[in-house]
Every structure is written in C-alpha cells, then in structure tokens.
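The values are calculated or read from the model by the stated rules, or taken from the named source; none is laboratory data. Since this is a predicted model, take the numbers as computed values, not measurements. Here Cβ is always computed from backbone atoms with ideal geometry, including for glycine, and neighbour counts include all displayed protein chains. Heads up: the accessible areas ignore ligands, DNA and RNA and are worked out on the full protein's heavy atoms, side chains in. Shrake-Rupley method; radii C 1.70, N 1.55, O 1.52, S 1.80 Å.
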Amino acid sequence: MFVIALAASLPLWSYVAFPKSSPTSVPVTIVRLDARFDKLVPRDAKLEKIADGFTWVEGPVWNRKGQYLLFSDIPKNSVFKWKEGEGVSLFLNPSGYTGSAPFEGPEPGSNGLTYDAAGRLVLCAHGDRRIARLEPDGRKVALADRYDGKRINSPNDLVFKSNGDLYFTDPPFGLPKAFDDSRKELPFQGVYRLSTDGTVTLLIKDIKAPNGIAFSPDEKTLYVSDVDPKRAAWLAYDVKEDGTVTNGRVFFDATRWRKDPFFGPDGMKIDRHGNLFGARPGGISVFAPDGTYLGSIETGAPTSNMAWGDDGSTLYVTGGSAVYRIRLGTKGAGF
C-alpha cells in the first residue's frame, strides 16, 4: 500500500527496546452476510492487538520453524519480529533501502515478505527497487531489479507458485514522487513472474496500481488488487499451463471502501477452501471462490495485509501502526 507523508527512514540506533506486552482484545465488528461465513469466522471470534507503536506496518509472514511473525515497517526501513512470550524485536535494518544518501521519499523500506522453499526470506525492497533475498550469512542478493533493461518501479507484494516461480506486483509507491517520479523508467505498473532460471516475464501491464497478489489453492487463478482510486477492485486471472495469465476480470468491486489516502484494497490471503480474505480501509472483506461477498471483519484500522500463522488458523493482520491477530474456523492454503 501507499502512504502519504510519513516519516523517512531512521537509523538503527534511533530505536528503543519494545517492552513485552500481552495480547490485548480490541473492539471489532463482525458483519455476517452469508451462512458460509459462520464456518470461517466463529461467533466468539476476538481481535487481539499484539504489537503497536510503529509507523506503517506491512508484509507479515509467519516463520513455521521458529514460530514467529515478521513484518515490515516501511517508513522505518526495518523488519520486526514478534514471538509469543517474547514480544517485538528488531530483525533487519535496513530492509528496503541500502543507499548511503538519505532517502527522499516516505517509503524506503521493505513491503511484502515471503519465504522460498529453502526457508530464506524474500523481500519487496522499495528503496532499492528490487526483489531481494536474505542469505543465511546476512547478505542480500538481488533476484530481480530490471525488466527489458529498465529498472522496475518498487515491488510491493509477492507470492511463490509451487514450482518455485515468484509472482510480484510493481507499482511506483516506493518512488519518492510515485507516479510522477522522474526516475521511473517503465511507462506502466506491471505484474511479473520471476522464473526459477532468473527470467523476468511481464504478465500484466494494464493495471493502474497493482498491489496485493495471491493464488487460489489449485493455482488456476491469480488474484491481484488494484488501488486505482478510479477503479479500486480485486481482480482475477486464469493461469495458463505455461504460467502466464489470461481472462482478466473484476472479481469484486472495492470502490465502496475507497477512503483517502489509502484508496482501496491491499494485501490478501487465501484459505485452504479458496476463500479470499482481502485487506482494505477499515478491515477485511471475505469472499467465496465464486465471488460471493460472505462477510467482513471490521477492524476500524487502515488494514494493509495478512498472514496465516500458528497452526494455520490464526490470521495475523497489519493495520496502520499496529499488528493484530484473530483465530478463525478455517486454515490458510498450504497448512
């Protein structure tokens, strides 16, 4: 997601330790529109705040081996770690911009995070304008930073296909002047595939502001969110045998949730039954695979993204300055 006029990156020494705190229940409104929703969100579901005090948090990802959550604070150019019983600690700084000159814009840090099959952290690095991988020795390796010889914009979110190919969105929100930045080298905002052989393929270039991205459990559908204020929507594409996509269409219109400065839908996650949980201003909307709007989790926060964690039935949610969790009656795809 794109944030207006937030603080620039801070040096590592500027951070203070985060005190340990227990998860705290916070108000939430559950809107039930379809009987199927009751199987996904229990009647007694509670939203808990597990961490707060950040600037703009994004890109949560669950580490199954270590049983902890990582998430980006984009303006602070950092990735933080949260673990039950231990609280928050700084995991990585810098996370998205490694240049020596001060970053001119509000979003230098990493955005979306995921793990590859080998358990290495892969990051959408806004300031460095690349997809990067964190190696076990702490080095960062650039996986993709150009298409057709030109620098990509600022990768936003990403998802691995089971064959190891990485799909990612590339809006300009990490550039200091976004769409109007003179350093923007491509005339479009693309959705790409990074193949296991290192080839970067442009899949979609007619989305104004591609943002969140996810596969259906059978990987036959690719979902992409568009935060274009003139057409805020969750989009769906058929995935062909060769991994490219076709038949782009509006899965669900999101203009009803448009709210400045956040515009529309952001990150999303899919459960094992193919239901889409989509972050947007004010909360999370839940849709069946057939596009039926099942219900919503109204957090009241500018919700940015989510991650399945614990045994797969806990949804960790980033929203504004805080991180939340809610235990559900379903499990994430892959659990």
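For this structure, a couple of remarks:
- Residue in region 200-211 that is assigned to a loop (DSSP other than H, G, I, E, B), closer than 27 Å to Val57 by Cβ and open to solvent by 10 Å² or more (accessible area, probe 1.4 Å) present: yes
- Count of residues meeting criterion [surrounded by fewer than 22 Cβ atoms within 10 Å (Cβ to Cβ), out of contact with any Gly (no Cβ under 9 Å at 6 or more places or on another chain) and in contact (Cβ under 8 Å) with a residue 40 or more places away in the chain] in region 233-270: 5
- Single residue of region 156-171 satisfying the filter (closer than 20 Å to Ser72 by Cα and of a type in the set (D, E, K, R)) that is surrounded by the fewest Cβ atoms within 10 Å (Cβ to Cβ): Asp170
- Single condition Asp218 does not satisfy, out of (1) crowded, with 21+ Cβ neighbours inside 10 Å; (2) out of contact with any strand residue (DSSP E or B) (no Cβ under 6 Å at 6 or more places or on another chain): (1)
Per-residue answers, yes or no, for (1) free of Cβ contacts under 8 Å to residues at least 24 places away in the same chain; (2) within 18 Å of Leu315 (Cβ to Cβ); (3) part of a loop (DSSP other than H, G, I, E, B); (4) touching a strand residue (DSSP E or B) at 6+ places or on another chain (Cβ under 9 Å):
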{"position": "Pro42", "(1), (2), (3), (4)": "no, yes, yes, yes"}
{"position": "Lys49", "(1), (2), (3), (4)": "no, yes, no, yes"}
{"position": "Thr55", "(1), (2), (3), (4)": "no, no, yes, yes"}
{"position": "Trp62", "(1), (2), (3), (4)": "no, yes, no, yes"}
{"position": "Lys65", "(1), (2), (3), (4)": "no, no, yes, no"}
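- Of all residues in region 271-297, exactly one satisfies the criterion of being open to solvent by 10 Å² or more (accessible area, probe 1.4 Å), within 15 Å of Ser225 (Cα to Cα) and either part of a strand (DSSP E or B) or without any contact (Cβ under 8 Å) to a residue 12 or more places away in the chain (or both), namely Pro281.
- Taken as a whole, region 49-72 holds no residue that is farther than 27 Å from Tyr97 by Cα, of a type in the set (Asp, Glu) and modelled with pLDDT of 95 or more.
Listed here are the residues, each with its yes/no results for (1) at pLDDT 95 or above; (2) open to solvent by less than 50 Å² (accessible area, probe 1.4 Å); (3) not polar (S, T, N, Q).
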| residue | (1), (2), (3) |
| --- | --- |
| Ala117 | yes, no, yes |
| Leu121 | yes, yes, yes |
| Cys124 | yes, yes, yes |
| Arg130 | yes, yes, yes |
| Glu135 | yes, yes, yes |
| Ala144 | yes, yes, yes |
| Asp148 | yes, no, yes |
| Ser154 | yes, yes, no |
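- Boolean, Asp242 is under 17 Å from the mean Cα position of the chain (by Cα), among the acidic types (Asp, Glu) and either outside any loop (DSSP other than H, G, I, E, B) or under 30 Å from Thr199 (Cα atoms) (or both): no
- Of the residues Leu90, Leu70, the single one that is outside any loop (DSSP other than H, G, I, E, B), closer than 28 Å to Arg327 by Cβ, open to solvent by less than 10 Å² (accessible area, probe 1.4 Å) and in contact with a Leu (Cβ under 9 Å, 6 or more places away or on another chain) is Leu70.
- Test for Lys230: is it open to solvent by 50 Å² or more (accessible area, probe 1.4 Å) and farther than 30 Å from Ser195 by Cα: yes
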